[in-house]
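Data first, discussion second: the structure below is written as structure tokens.
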Amino acid sequence: MSAVLRPYKDLFPKQGDRVMIDSSSVVIGDVRMDDDVSIWPLVAIRGDVNYVSIGARTNIQDGSVLHVTHKSAYNPEGNPLVIGEEVTVGHKVMLHGCTIGNRVLVGMGSILLDGVVIEDEVMIGAGSLVPQNKRLESGFLYLGSPVKQIRPLTEAEKEGLKYSANNYVKWKNDYLDQESQNHP
């Protein structure tokens, strides 16, 4: 197992088939990665005081930070971080204790705070701030700080969400194949 996977107490990351985690990234504690997940350079994922779940065919791009909210008297369940399938998390995104549906694009440099719920098929523009406990409705483009609903997604944009996930699975496979050729 790679040194980038680290335990926290008795919690250890779990991964499905054909998962790629760049050696410059770190994944700690109760982090559950489904098949074909890709974790790109300089990502930090910390599932220490709650769990992180990342759905199949999701990519977490360079420099992103993923964390959770602990359980407390104020918030008995805390906030795990739950990411659906075919999600593209752009470069340098911060996700904290939120829930993201399937086929979502989180634009570069965006910040999603505790209790946020992103429904399926949503695009969040680069540099957006999604405030605590906000829900973003399926089928729309959101942008801004704080984020605002801009317009419905076109059919082409909805297809683009799948296209992005497929591209990252292909690129991830290229990296894995290259690695296996260099280290038989």
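Here are some notes:
- Per residue solvent-accessible surface (Å²) - the chain, probe of 1.4 Å: 50 Å²
- Long pairs among LYS9/LYS172; LYS92/LYS148; LYS71/LYS158; LYS71/LYS170; LYS71/LYS134; LYS14/LYS92, criterion Cα-Cα beyond 26 Å: LYS9/LYS172; LYS71/LYS158; LYS71/LYS170
- Annotation: LEU143 carries an accessible surface of approximately 80 Å², with a 1.4 Å probe and no ligand, DNA or RNA atoms counted.
- For SER25, the residues 5 or more places off, or on other chains, whose built amide H falls under 5 Å of its own are LEU42, VAL43.
- The chain, accessible surface, carbon-and-sulfur percent (1.4 angstrom probe): 53 percent
- Accessible surface, 1.4 Å probe, highest first, among residues LYS172, LYS148, LYS134: LYS148, LYS134, LYS172
- Largest accessible area first, the listed residues THR58, THR154 line up as THR154, THR58 when surface is computed with a 1.4 Å probe on the assembled protein chains.
- Extension gain from ASP177 to LYS71, taking 0.36 nm per residue of separation minus the Cα-Cα distance: 34.1 nm
- Net length gained if the chain between SER138 and LYS170 were fully extended (0.36 nm per residue, minus Cα distance): 8.9 nm
- Only protein heavy atoms count here; under a 1.4 Å probe, HIS70 has an accessible surface of about 100 Å².
- Summing charges over neighbours of PRO131, with a neighbour being any other residue whose Cβ is under 13 Å away from its Cβ, gives +2 when K and R count +1 and D and E count -1.
- Taking amide H positions as modeled 1.01 Å from N, with prolines and chain starts lacking one, the residues under 5 Å from ILE150 and 5 or more places away or on another chain are LEU141, TYR142, LEU143.
The values are calculated or read from the model by the stated rules, or taken from the named source; none is laboratory data. What you are looking at is a predicted structure, and each value in this text was computed from that prediction instead of being measured. Glycine also receives a Cβ, built like all others from the backbone with ideal geometry; neighbour counts cover every protein chain displayed. Accessible surface areas use protein heavy atoms only, side chains included; no ligands, DNA or RNA. Shrake-Rupley method; radii C 1.70, N 1.55, O 1.52, S 1.80 Å.
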